[in-house]
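Q: Handing you this structure, nothing more for now.
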Amino acid sequence: MKSNAKTESDDKASQLRQDERGMTGKDWRVMAALMVGIMLSPLNVMFTSVALPSMRDAFQVNVEQVAWIGTAYFIPSVALMPFQSQLGQRWGFRRVYGIGLFILASGAFLAALAPAYPWLLASRAIQGIGWAALYPLALILINTQYPAARQGEMVGLWESSVGLTTIIAPLIAGVLVQFLSWRSLYVVMGVVAAFGALLTRAVIPADSAGQRKARGDWLNVLILTLAVLLSLLGITARNLMLLALAVTAWALWAWTAGRLKVPSIPPVIFANRRFVSASIAANIRMLVAVAALTALPLFFEDVQGLSPTAVGSLMVVYSLFLFFGSWPGGRWSDRAGAAVPGAVGYVAMIIGVLMLLGLGYQLVVWLVALALAIRGLGAGLSQAPYAKAATAAVLPEQKQAAAGLYGTIRYSGLALGTGLVGVFLQTRLTDYGALSGGAAALPAYRELWLLLAVILVAGLAATLVMARSRPAEPSLVVVQDGSA
């Protein structure tokens with residue numbers, strides 16, 4: 001007994017020393033590889049957002065169709081996250097993460113060559129298939145590569161690169177679109193993704209045999225993937241048949257998972273109120289972020305007549321403050337829990353979106369800058385806390401499944417946000433007779449800003465529910481010697 005107690009004490013002391021150590025050279029190299037992957041998300045979003053008006057004109061499509069340029073990427077990137085997470089458990093997290101980067105690079109180069117609108121949508125879907133591996137597997141790699149006491153900080157540091165990228169990306173996009181073409185954006189994206197694949201192979205340690213699963217309940221994971229895919233397609237396409245099929249797929253997934261002794265993605269996770277509320281809050285945050293990033297460039301060009309370079313310059317304000325808020329938000333969550341920085345971030349985002357109601361057909365730089373700064377700071381503060389809260393809310397053996405599910409729920413907000421903007425603006429601009437833009441389009445955009453503010457209030461409510469919920473606790477198991 002004394003020997004066991006001494007071993008346990010030594011293990012705790014070793015873990016404490018590991019938790020308190022600083023970042024080593026190896027830690028920074030691994031973080032750099034993970035940052036390249038997460039940077040591709042804002043690069044994709046910001047590049048595409050700034051280029052949307054140009055792509056709309058190039059392919060002669062309407063507002064709802066142009067929104068599908070984003071949606072075609074987001075739907076597979078979200079739906080395939082659980083499958084890619086399962087694939088990582090079987091083949092190795094590093095390997096699947098690198099393959100995801102390679103697939104994303106291939107899709108980007110195909111997008112640059114797109115001769116027609118359907119080709120562009122297909123290449124965007126290929127990019128989404130690659131991205132589906134990056135977010136959940138990066139969370140798992142952070143969980144395995146860094147000590148638990150610093151994981152909130154590491155997630156904040158990792159996601160701070162999102163803000164850093166969004167500072168640079170709009171400026172690059174505006175210049176490239178105005179002086180070259182929108183196609184050059186996807187060439188740049190492909191080069192970055194290919195570099196990330198090579199860096200991953202060089203610096204991230206290979207998974208040990210103990211980290212892999214010999215088997216996996218692939219059928220159950222595929223049914224879940226189908227359920228998510230049908231749900232997103234049904235909502236964004238407003239198709240009742242697809243939604244009915246989605247409900248059937250969800251029921252089939254729950255039934256098949258219930259028949260497994262240890263399912264890779266246990267349905268009981270959805271009964272964890274803290275995990276669900278954190279995931280919903282993250283979903284709404286992403287929904288509003290991408291909805292605004294999709295709508296603002298269209299507003300600036302169609303209503304205020306700004307050039308792509310000017311649009312890119314304005315979007316930098318949001319990106320700059322997103323960057324400033326990301327790392328502090330992660331550190332704040334380590335000290336005070338996820339609810340406080342999450343709630344403060346949501347209040348700031350609500351104020352920032354409501355300030356957009358003051359925008360007219362004449363550019364008022366200080367008002368735009370202040371609204372984007374407040375919204376960006378709020379988005380930054382609330383970026384890391386929910387990821388840590390969601391994965392910390394479940395039992396240790398559920399963490400990998402929770403990372404995949406959290407990524408799916410969080411990033412489904414991107415697909416829903418672009419779909420919402422396309423449908424809402426197409427409907428309201430048609431009602432106002434303002435499809436060609438101009439001052440007549442202003443009321444439609446103001447209605448959109450108000451709708452986004454209401455949606456953010458729902459996200460704040462989810463954050464408060466999370467604050468009142470407790471993480472799952474392991475059950476006491478009686479062992480042979482009679483101890484618990």
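Only the coordinates and a few stated rules stand behind these numbers; no lab work does. For clarity, every value in this text was computed on a predicted model and none was experimentally measured. Note that each Cβ is placed from the backbone with ideal geometry, even for glycine, and that neighbours are counted across all protein chains shown.
Q: Sort 188-194, 48-54 by the packing proxy (mean of other Cβ within 10 Å over each peptide's residues), most packed first.
A: Answer by packing, highest mean first, reads 48-54, 188-194.
Q: Along the three principal axes, how long is the range 258-330 when you take its alpha carbons, biggest first, rounded to the nearest angstrom?
A: Result for the range 258-330: principal-axis Cα extents of 59, 29, 18 Å.
Q: Okay, moving on. Highest first, please rank the peptides 337-343, 227-233 by the mean number of other Cβ atoms sitting within 10 Å of their residues.
A: The most tightly packed comes first, giving 337-343, 227-233.
Q: Which three numbers, in whole Å and largest first, are the semi-axes of the equivalent ellipsoid of the range 218-263 derived from its Cα gyration tensor as √(5λ)?
A: Output for the range 218-263: semi-axes of 23, 9, 5 Å.
Q: Next question, about the same structure. Counting alpha carbon pairs within less than 8 Å and at least 6 residues apart, what relative contact order, in whole percent, applies to the range 218-263?
A: 40 percent.
Q: Between Arg259 and Asp431, how high is the FRET efficiency from 1/(1 + (r/R0)^6) when r is the Cβ-Cβ distance and R₀ = 35 Å? Nearest 0.05.
A: 0.10
Q: With every atom except the alpha carbons ignored, what do you get for Rg and Dmax of the range 325-398, in angstroms?
A: For the range 325-398, the Cα-based Rg and Dmax read 15.4, 55 Å.
Q: Using 0.36 nm per residue of separation minus the Cα-Cα distance, give me the extension gain between Val457 and Val268 in nm, one decimal.
A: 65.3 nm
Q: A further question on this structure: Excluding Ala111 itself, calculate the net charge of residues whose Cβ lies under 12 Å from the Cβ of Ala111, where each Lys or Arg counts +1 and each Asp or Glu counts -1.
A: That works out to +2.
Q: With 10 angstrom as the radius, rank Tyr318, Tyr346 by how many other C-beta atoms surround their C-beta, starting from the fewest.
A: Tyr346, Tyr318
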